[in-house]
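A.B. asks: Right, I'll just put the structure down here and ask away after.
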Amino acid sequence: MSRSSKKGPFIDPRLLSRIEELNSSRTKRMIKTWSRASTVFPEMVGHTIAVHDGRKHVPVFVSEGMVGHKLGEFAPTRTFRGHAGDRQAKRR
């Protein structure tokens, strides 16, 4: 279920303040965050944000097409190792 449009999009206040600090000083630096639920804002475009996936931080370079999506969408939490059926086919 999506968030109410009356409330507006969610972003972690600490993450937003860090992004605004980088924009005002015009520096490029990776920011670590655990806030997977934060929405990507236009102010984040061009920055690299390391999003936690449960065991490590995955670097995500934010581009214009990501605006409006959640940070967690770009850092998968599960490792896909292939289908079991594919391994059976290779043996034969």
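A.B. asks: Would you please name the residue that is least open to solvent (accessible area, probe 1.4 Å), looking only at residues in region 54-75 that are of a type outside the set (A, V, I, L, M), farther than 16 Å from Ile11 by Cβ and under 9 Å from the mean Cα position of the chain (by Cα)? Reasoning before the result, please.
C.D. replies: Step one: of region 54-75, the residues of a type outside the set (A, V, I, L, M) are 54-57, 59, 61, 63-65, 68-70, 72-74.
Imposing the further condition that a residue be farther than 16 Å from Ile11 by Cβ reduces the set to 54-57, 59, 61, 63-65.
Retained after the next criterion (residues that are under 9 Å from the mean Cα position of the chain (by Cα)): 59, 61.
Working: Pro59: 83, Phe61: 120 Å².
Of everything passing the filter in region 54-75, Pro59 is least open to solvent (accessible area, probe 1.4 Å).
A.B. asks: Restricting to region 31-52, name every residue that is farther than 14 Å from Ser17 by Cβ, aliphatic (A, V, I, L, M) and over 9 Å from the mean Cα position of the chain (by Cα).
C.D. replies: Within region 31-52, Val45 is the sole residue that qualifies.
A.B. asks: Counting only residues that are of a type in the set (D, E, K, R) and closer than 28 Å to Lys7 by Cβ, which one in region 24-53 is most open to solvent (accessible area, probe 1.4 Å)? Even if it seems obvious, please write down each step before you answer.
C.D. replies: Kept after step one, since they are of a type in the set (D, E, K, R), are these residues of region 24-53: 26, 28-29, 32, 36, 43, 53.
Going one step further and asking which of them are closer than 28 Å to Lys7 by Cβ, we end up with 32, 36, 43, 53.
Details: Lys32: 115, Arg36: 68, Glu43: 83, Asp53: 16 Å².
This residue is Lys32.
The values are calculated or read from the model by the stated rules, or taken from the named source; none is laboratory data. Worth saying up front: this structure is predicted, and the values here are computed from it rather than measured. Every residue, glycine as well, gets a Cβ built from its backbone with ideal geometry; the counts of neighbours run over all protein chains shown. When the accessible area is computed, the model is the full protein with side chains, heavy atoms only, and any ligands, DNA or RNA have been set aside. Shrake-Rupley method; radii C 1.70, N 1.55, O 1.52, S 1.80 Å.
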